[in-house]
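> The structure under discussion is supplied below as structure tokens; questions concerning it will follow.
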Amino acid sequence: MLDSERLTNLLPTRMRSQVDSYFEALSVFMEIRDPKVLRSLAPSGVRGMLLQRGKQGEPTKISCNYEAHFDWTYPADQPEMAELYRRAKQGQWDSDSLAWNTDVDPFDYENPLLPDDFLDPHTLAAELGTTFTNKELAEFRFSLVCWLLSQFLHGEQGALFAACQVTEAVQFFDGKLYGATQVMDEGRHVEVFNRYLDQKLGRLYQINDNLFVIIDSLMTDSRWDMKFLGMQIMVEGLALGAFGVIYKVTREPLLRALLEMVIQDEARHVHYGVLALREHITKELSERERQEREDWAFEVALLMRNRFMVYEVYEEWFEGLMTREHWRRFISNAPGMKMFRQVMFSRLVPNLRAIGLMSERILPYYEKVGLLQYFDGVAADGLTAEQMLRELDGAVQY
Amino acid sequence: MAAASAKSTAPRRRFKLVPRVLEPRVGQLRRDLRVVLANLRGERAPAWLARDGSRYAGAPAGLATRELEISEVIRETADAVSLVLRDPSGASLPPIRPGQFFTLLVELDGETLRRAYSVSSDCSIRDRFSVTIKRVPDGRVSTYLNDHAAPGMRLRALGPSGEFAREPARKLVLIAGGSGVTPMMALLRTLLTREPQRELALIYANRSQADVIFADALARLAVEHGPRLAVLHALEQPPPSWSGAVGRCTGPTLAGMLDDTPLASDPDSEFLLCGPTPMMDGARELLGARGVAAARIHSESFLAPQLQAKAAAKVRAPQAVTIVTAQREVGVVVQPGQTLLEAGLAAGLDMPYSCAMGGCAACKVELERGEVIMREPNCLGPTEREAGQVLACVACPSAPCRVRVRERGEA
């Protein structure tokens, strides 16, 4: 990381915070080792972090360039995907059947949306030499929940469009049929998160810059397998981590019920990603191409680990009271965020291994950032949704 | 001013600097630059937007609506129709008093719109009734029903509601303007046939002869019931052969018509008013000047209450509300876009209500603590407001509240 603090010390607080955020973004990109990966991520980085295309207050247009793959012979080419398609059809559910008449009180102490110590605000208060009143704590928590669910919603919008693209571009016919169910799933997810925010919380946060970068990058990449890798493995892994944590800690029954249904869908999506990519990466790609994807996945994993820093909430609450650097430290060490990383990477790393993107050459890098501990987990093709929910209810430590 | 700006933009339109195909790109570039500059100045767009829940509000939760079927559509004038409504299964309807109204819920473009319409038929008929709907300029529901209502169509409804003409005196002077004649028509049709002692006079004002709703029916009633019913028309734009009163139904015109009505100077008669607000205000003032006590004057107005834009900004967050009934105290959360009544009913509370659109006061509750913002206008009077009463069906809390529900029968 650049020593931005020394450089920006003289600027007014708000401007300094902005310049600091540019430096931080820059440093993320300077750390990318593979020039091809840099080339594929950098334009999205500029659009997301510098130009903030997702926050301009107008619909964002993203140009896409990829080939739709038609097959007029309708081959039965992937029995495992056909099976997944069958299960997906049976697993459809009606979002209207959730208990939407539930009263959601975001300030209820008995059934809190998130536990008080999700972010450990008392430590933060002590560091800042202040205390938070119960009202402030409740409002802070409300901001955080709205922020998280808003990011879920934005992520699901990306997933909806990416699922459409992947359905067009994938070369397996059974995969296309399965893909159609995923499009439906993602549409439903957009609906339920939007409805929850709209009807129960009354607040929608803007898209986080990093999430925008990831979505932009995989929408604009012309290679179907990169879209696939980005969406089905990385973003779905991120989603499973985030949904899983909230599912585990929330005491609000409607949100819990909603997430349980969404997680079951997401488990199928990751499974599909593993099936399609394992075939493609191990059989179709050259070693150089495989390496590029391996590096790309590592960089995006880092982006997901390091960069979801809830800055929008920082800007709302603490800008001027503490530096971004301080806030970063606080968020990185918050119990809820630690748990989020744990759930996310315990799903993601085994999946990367299963699709062949965890060769000997990359392992030391994962080792260095502390992600190798998840190497031996079960990949999505060997895991049912019930198992995942059971694990969340039990084993994961909070 | 307008001419000057038109002049200055005209040449620019002819010699455009940016070809049309590039316009989106230039627009994007401009937005990008604006964002970067604003960021450097430390200005940011608000991190979040308030959502009011209206998108998924759909059917108001918990309101016990009744489904009705249109059995007949009667074209009254070019701009007014009567819909004859009945229970789809043919079952008899709850008792309706003349003067009461129904709230019709009409779904248009994914939104459920509520409008109040007075019953215009003889209320002693128990298996059907009619409402008469005059087209309001830019009125979505009245236009839709005037153009599209057809036999067999079903509507959801609340009601009957309203206290207008609850216990009418034996002698009544009815003063109506335009579509305000609808409750009067129910009174005439019901009372004249059932109660031979009744004496009624109707003073009925319209813009032109083509606007007169029920012209033939009124003429027939006047012939049938002779001296017990007097009908006096006033027109703003009369045809050449017009023999009735001329002008807007206020001041001298109304005074002249009252002079022509013996009932109006009878100390036992009561006055019922329904029509446009200026007309009713004028009539009330004139009657007062003629020595008619306020207690003998009753009026009905039709309102489509809405949150004023400024007030709406205050009800963008969910609020905790304690609702106290005779039996229990229940905490509910009122979501943005929801009313006290909807939240209470959704929580299973037995809250009284009828029209659910601020027109009948059946849902009046006492605000013990906190603050609510009511959709306006509604029928709550200034003394009730001062006493801390609010209408649950149009009240949106803007702070945590505690409200007490009246017991049944409590005034």
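> Quick one: which residue in B:Gly90, B:Gly110, B:Gly99 is surrounded by 19 or more Cβ atoms within 10 Å (Cβ to Cβ) and at positive phi?
Selected residue: B:Gly99, the only one of B:Gly90, B:Gly110, B:Gly99 that is surrounded by 19 or more Cβ atoms within 10 Å (Cβ to Cβ) and at positive phi.
> Something else about it: Only residues that are over 23 Å from B:Pro276 (Cβ atoms) and part of a strand (DSSP E or B): list them for the range B:144-198, please.
Matches in the range B:144-198: B:Arg154, B:Leu155, B:Arg156, B:Ala157, B:Leu158, B:Pro160, B:Lys171.
> Still on this structure, please answer the following. Which of the numbered conditions does A:Lys227 fail, given that it passes all the others? Conditions: (1) among the charged types (D, E, K, R); (2) modelled with pLDDT under 90; (3) surrounded by fewer than 23 Cβ atoms within 10 Å (Cβ to Cβ).
(3)
> Considering each of A:Gln56, A:Gln52, A:Gln78 in turn, give the residue that is closer than 25 Å to A:Ser21 by Cα, crowded, with 19+ Cβ neighbours inside 10 Å and among the polar types (S, T, N, Q). So that I can check it myself, show each step before the final result.
On the way: A:Gln56 fails: crowded, with 19+ Cβ neighbours inside 10 Å; A:Gln78 fails: closer than 25 Å to A:Ser21 by Cα.
Criteria check complete, one pass: A:Gln52.
> Which ones in the range A:132-173 are part of a helix (DSSP H, G or I), among the β-branched types (Val, Ile, Thr) and touching a residue at least 24 places away in the same chain (Cβ under 8 Å)?
Correct list: A:Val145, A:Val166.
> Report the residue count in the range A:111-133 for those that are surrounded by fewer than 19 Cβ atoms within 10 Å (Cβ to Cβ), farther than 18 Å from A:Leu148 by Cα and in contact with a Phe, Trp or Tyr (Cβ under 9 Å, 6 or more places away or on another chain).
Here the count works out to 6.
> Quick one: B:Gly331 ticks every box in (1) exposed (fewer than 15 other Cβ atoms within 10 Å of the Cβ); (2) within 14 Å of B:Glu371 (Cβ to Cβ); (3) not charged (D, E, K, R) bar one, so which box is it?
For B:Gly331, the exception is condition (2).
> Condition (residue is over 23 Å from A:Tyr205 (Cα atoms) and at pLDDT below 90) applied to the range A:302-325: is it met by at least one residue?
Yes, there is a match, as at least one residue in the range A:302-325 is over 23 Å from A:Tyr205 (Cα atoms) and at pLDDT below 90.
> So B:Lys134 ticks every box in (1) surrounded by fewer than 18 Cβ atoms within 10 Å (Cβ to Cβ); (2) within 16 Å of B:Ala304 (Cβ to Cβ); (3) touching a residue at least 60 places away in the same chain (Cβ under 8 Å) but one. Which box is left unticked?
Here B:Lys134 clears every test but (1).
> Okay, next question. In the range B:347-357, what residues are within 14 Å of another protein chain (Cβ to nearest Cβ) and of a type in the set (D, E, K, R)?
Answer for the range B:347-357, where residues must be within 14 Å of another protein chain (Cβ to nearest Cβ) and of a type in the set (D, E, K, R): there is none.
> Something else: Only one residue in A:Glu191, A:Glu156 is over 24 Å from A:Glu284 (Cα atoms) and within 17 Å of the chain's Cα centre (by Cα), so which one is that?
The match here is A:Glu156.
> Taking the range A:203-222, which residues are under 24 Å from B:Ala320 (Cβ atoms) and either surrounded by fewer than 23 Cβ atoms within 10 Å (Cβ to Cβ) or more than 14 Å from chain B (Cβ to nearest Cβ) (or both)?
If the condition is that a residue be under 24 Å from B:Ala320 (Cβ atoms) and either surrounded by fewer than 23 Cβ atoms within 10 Å (Cβ to Cβ) or more than 14 Å from chain B (Cβ to nearest Cβ) (or both), then A:Leu204 is the only one that fits.
> Oh, and also: Using beta carbons and a limit of 6 Å, which pairs, at least six apart or on different chains, have the first residue in the range A:286-306 and within 18 Å of A:Leu372 (Cβ to Cβ) and the second one surrounded by 23 or more Cβ atoms within 10 Å (Cβ to Cβ) and not aliphatic (A, V, I, L, M)?
none
> Which residue is nearest to the chain's Cα centre (by Cα), if the candidates are limited to the range B:300-346 and must be away from every other protein chain (no Cβ under 14 Å) and without any contact (Cβ under 8 Å) to a residue 40 or more places away in the chain?
Only one residue tops the list, namely B:Ala309.
> Tell me, which residue of the range A:111-126 that is hydrophobic (A, V, I, L, M, F, W, C) and assigned to a helix (DSSP H, G or I) is nearest to A:Asp185 (Cα to Cα)?
So the residue we want is A:Phe118.
> To continue, here is another question. Acidic (Asp, Glu), at pLDDT 90 or above and under 25 Å from B:Ser301 (Cβ atoms): is that true of B:Asp147 in this structure?
no
> Those residues that are within 14 Å of chain B (Cβ to nearest Cβ) and either loosely packed, with under 13 Cβ neighbours inside 10 Å or assigned to a helix (DSSP H, G or I) (or both), I need them from the range A:84-110; list them, please. It would help to see each step written out before you state the result.
In the first step, residues of the range A:84-110 are kept if they are within 14 Å of chain B (Cβ to nearest Cβ); the result is A:95-96, A:98-110.
Result: A:Ser95, A:Asp96, A:Ala99, A:Asn101, A:Tyr109, A:Glu110.
> Quick check on the range A:344-374: of everything there that is at pLDDT 85 or above and within 24 Å of A:Asp120 (Cβ to Cβ), which residue is surrounded by the most Cβ atoms within 10 Å (Cβ to Cβ)?
A:Phe345
> Give the residues of the range B:199-217 that are assigned to a strand (DSSP E or B) and without any contact (Cβ under 8 Å) to a residue 40 or more places away in the chain, sorted by residue number.
Just the residues of the range B:199-217 that are assigned to a strand (DSSP E or B), to begin with: B:199-208.
Answer for the range B:199-217, where residues must be assigned to a strand (DSSP E or B) and without any contact (Cβ under 8 Å) to a residue 40 or more places away in the chain: B:Leu202, B:Tyr204, B:Asn206, B:Arg207, B:Ser208.
> Which residue out of A:Val245, A:Val190 is assigned to a helix (DSSP H, G or I), buried (at least 23 other Cβ atoms within 10 Å of the Cβ) and β-branched (Val, Ile, Thr)?
A:Val245
The values are calculated or read from the model by the stated rules, or taken from the named source; none is laboratory data. Treat the numbers as computed from the prediction; the structure is a model and nothing was measured. With ideal geometry, Cβ positions are generated from the backbone for all residues, glycine too; neighbour counts draw on all protein chains shown.
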